[in-house]
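A.B. asks: Okay, here's the structure, questions in a sec.
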Amino acid sequence: MNFLASITWATLAKDIRLEWRSKDAINSMLFFSLLVVVIFSFSFDPTAEESRQIAGGLIWVAFLFAAVVALNQTWARELRNQVLDAYRVSPAPPNALFLAKALGNFILVSLLEAVMAPLFVVFYNLRALGPAWQLIPITLLGTWALVVNGTFFAGMSLRTRSREIMLPLLLFPISIPAVQSMVEGTRLILSGDGSARFWIVLLLTYDVVFTTACLALFGTVLQAE
Amino acid sequence: MKRVFPILAVLTALLLAYGFYEAMWVAPTERTMGDVQRIFYYHVPSAWTGFCLFFTNLLASIVYLIWKNPKADALAVSSAEVGVVFCTIVLVTGPIWARPVWGIWWTWDVRLTSTLVLWLIYVSYLVLRRFSDSSQTPVLAAVLAIFGALDVPLVYFSIWFFRTQHPQPVIGGGGSLDPRMLRVFLLNLFTFSCFGAMLCWARYRLEWMQREVDEAEALESLLGTESVSLRDTQVKIAAGKNPRHP
């Protein structure tokens with residue numbers, strides 16, 4: 001377990017350091033989601049009273065699209081100079097690599113959400129009428145739900161042609177229940193129509209099921225030849 | 001063994017014709033919906049067949065991941081492809097029926113939405129198979145099939161909870177089925193299961209033959225021999241023999 005944790009930490013620290021120096025992913029994600037927010041505000045009237053009903057959907061769709069930008073770059077770094085092949089022949093457990101990548105993406109997407117959420121509140125004039133604290137579990141669980149499967153599918157689409165297109169094609173159908181939970185939960189809290197407890201439980205189930213599946217199958221995908 | 005396939009194919013075709021006759025002329029007309037209700041004899045059996053094929057795909061994928069048996073992978077491809085065809089029939093015939101009966105083409109009801117999501121997942125499965133390079137495709141596809149199967153109950157629960165909070169059109173109603181209708185329905189259910197199994201089998205044979213030809217061609221280009229051996233293999237395959245066990 002210690003071995004796994006130390007390798008996870010080493011990989012994660014390396015990725016964060018690289019990202020900190022280049023800031024490629026975070027900048028492109030931030031700008032991308034800003035563009036999505038602005039384009040949405042032209043498509044739907046952001047000042048109308050209904051904006052409270054659709055804001056949950058807008059926020060999460062923007063984050064989902066932005067997350068795909070980051071997820072696509074997850075493994076690109078490891079392909080150069082055959083780092084991934086070196087990793088494959090090393091005795092390091094594949095799950096350590098997967099966990100490090102997933103955690104790295106989680107940190108990145110959470111950062112993005114921390115910056116963009118206030119912007120949404122300002123642009124769409126939002127105020128939570130329901131229990132606002134429930135937004136925290138929804139955000140954490142929802143981000144993990146997107147990121148864990150996204151990292152896995154990005155790893156899967158590494159060996160495919162036109163892999164940038166492959167990732168959303170694989171990720172979106174599987175993510176439908178997670179996205180629906182995030183959107184519905186957020187909508188309930190913003191409009192004060194009820195408690196989002198069911199959606200939090202569903203997200204938790206989704207996270208547990210797919211984290212287990214990813215950890216169980218990542219070795220197979222990494223070693224697939 | 002060679003004769004079994006054409007014989008069963010002819011039997012299935014006869015069954016389909018008989019099932020069509022029964023559904024169109026013998027089954028009584030529904031009192032409120034009229035003739036459009038007859039689509040039920042195709043819609044539900046197609047859904048059943050499609051779901052069975054997706055389940056076959058899941059089992060074949062698991063078998064492939066454990067034992068790496070290429071036959072299981074060939075079965076996974078064929079069942080997924082034929083399953084998507086049947087699922088498409090369901091999604092097309094549903095709205096044709098819904099328009100005159102409900103007055104709307106589509107509603108985001110739990111059954112409709114889950115079927116649509118299932119269809120999306122399996123289309124993405126086929127896209128993955130198409131886009132990835134041949135050697136790793138089976139493993140990646142099998143993994144995706146397992147992910148898809150894990151997703152289905154979650155999809156169902158999320159939509160079930162979401163939609164039961166809203167008023168929805170009644171599906172099927174609580175009424176019981178006329179015994180004559182039930183007989184035709186069960187006949188068509190059986191017919192479509194046979195039809196789906198036959199299509200899947202035909203697709204499986206095609207897939208397997210294609211792989212043998214590919215393998216022979218690869219081997220030949222590797223050895224640089226004359227095309228005699230390739231022709232030999234093709235003749236053997238055409239004669240229904242397995243070239244590896246002459």
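No value in this document is a laboratory result; all are computed from the given coordinates. Quantities reported herein were computed from a predicted structural model and do not represent experimental measurements. All Cβ positions, even for glycine, are placed from backbone atoms using ideal geometry, and neighbour counts span all protein chains on display.
A.B. asks: Hey, in the GNM for chain A with a 10 angstrom Cα cutoff, which one of A:Leu167, A:Leu141, A:Leu84 fluctuates hardest?
C.D. replies: The residue that fluctuates most here is A:Leu84.
A.B. asks: If you don't mind, another one. Once fully extended, how much extra length lies between B:Ile96 and B:Leu182, figured as 0.36 nm per residue of separation less the alpha-carbon to alpha-carbon distance?
C.D. replies: Length gained between B:Ile96 and B:Leu182: 28.8 nm.
A.B. asks: Something else about it: Summing -39500 (n - 2.57) over the DSSP H runs of n ≥ 4 in chain A and dividing by its residue number, what mean residue ellipticity at 222 nm do you reach, to the nearest 500 deg cm²/dmol?
C.D. replies: -28000 deg cm²/dmol
A.B. asks: Over all residues in A:209-221, what is the mean tally of Cβ atoms on other chains that come within 10 Å of each residue's Cβ?
C.D. replies: 3
A.B. asks: Taking R0 as 56 Å, what's the FRET efficiency between B:Asp35 and A:Thr212 from their Cβ-Cβ distance, rounded to 0.05?
C.D. replies: 0.65
A.B. asks: A further question on this structure: Arrange the peptides B:141-151, B:120-130 so that the one whose residues have, on average, the most other Cβ atoms within 10 Å appears first.
C.D. replies: In descending order of packing, they fall as B:141-151, B:120-130.
A.B. asks: Taking the highest mean first, how do the peptides B:34-43, B:54-63 order by number of other beta carbon atoms within 10 angstrom per residue?
C.D. replies: B:54-63, B:34-43
A.B. asks: For chain A, state the semi-axes of the equivalent ellipsoid (square roots of 5 times the eigenvalues of the alpha-carbon gyration tensor), sorted largest first and rounded to whole angstrom.
C.D. replies: 33, 19, 15
A.B. asks: What average count of beta carbons from other chains do you get within 10 Å of the Cβ of residues in B:138-150?
C.D. replies: 5
A.B. asks: Still on this structure, I have one more. With axes computed from alpha carbons, what is the tilt in degrees of helix A:2-22 against the longest principal axis of chain A, rounded to the nearest 10 within 0 to 90?
C.D. replies: Approximately 70 degrees, to the nearest ten.
A.B. asks: Could I ask something else about it? Report the full-extension gain for the segment B:Arg130 to B:Leu11: residue separation times 0.36 nm, less the Cα-Cα distance, to one decimal in nm.
C.D. replies: This chain segment gains 39.5 nm when fully extended.
A.B. asks: For the residue pair B:Asn69 and B:Arg211, what label-to-label distance in nm results when each label sits 7 Å from Cα along the Cα-to-beta-carbon direction?
C.D. replies: 1.1 nm
A.B. asks: Taking the Cβ of each residue in B:Glu22, B:Glu215 as the centre, tally the other Cβ atoms inside 10 Å and list the residues starting with the fewest.
C.D. replies: Neighbour counts put them in this order, fewest first: B:Glu215, B:Glu22.
A.B. asks: Could you derive backbone 3J(HN,Hα) for region A:199-204 from the dihedral phi with the Karplus parameters 6.51, -1.76 and 1.60 (θ = phi - 60°), listing whole Hz in sequence and x where the residue is Gly or Pro?
C.D. replies: Along region A:199-204, the couplings run 5, 5, 5, 5, 4, 4 Hz.
A.B. asks: Could you list A:Trp60, B:Trp105, A:Trp9 so that the one with the fewest beta carbons within 10 Å of its beta carbon is first and the one with the most is last?
C.D. replies: Taking fewest neighbouring Cβ atoms as first place, the list is B:Trp105, A:Trp9, A:Trp60.
A.B. asks: Moving to a separate point now. What trypsin sites (Lys or Arg not before Pro) in region A:96-186 are in a loop by DSSP, with at most 16 other Cβ atoms within 10 Å of the Cβ?
C.D. replies: Here the trypsin sites (Lys or Arg not before Pro) that fit, given the DSSP loop and packing criteria, are A:Arg127, A:Arg161.
A.B. asks: Next question. Pop out the Kirkwood hydrodynamic radius of the protein assembly as shown from its pairwise C-alpha distances, inverse of mean 1/r, in Å to one decimal.
C.D. replies: Hydrodynamic radius (Kirkwood, Cα pairs) of the protein assembly as shown is 25.2 Å.
A.B. asks: Within a 10 angstrom radius of each residue's Cβ in B:62-70, how many Cβ atoms of other chains show up on average? Whole number is fine.
C.D. replies: 0
A.B. asks: Just to verify a number: FRET efficiency for B:Trp108 and A:Asp45, C-beta to C-beta distance, R0 = 30 Å, to 0.05?
C.D. replies: E(calc), rounded to 0.05, equals 0.80.
A.B. asks: Further, regarding this structure: Pairs of lysine in the protein assembly as shown with Cα under 30 Å and at least 8 positions apart or on different chains: total?
C.D. replies: Going through the protein assembly as shown pair by pair, I get 12.
A.B. asks: Another question about this same structure. Between helix A:24-43 and chain A, what is the angle of the helix's C-alpha long axis to the longest principal axis, kept within 0 to 90° and rounded to the nearest 10?
C.D. replies: In chain A, helix A:24-43 runs at an angle near 30 degrees to the longest axis.
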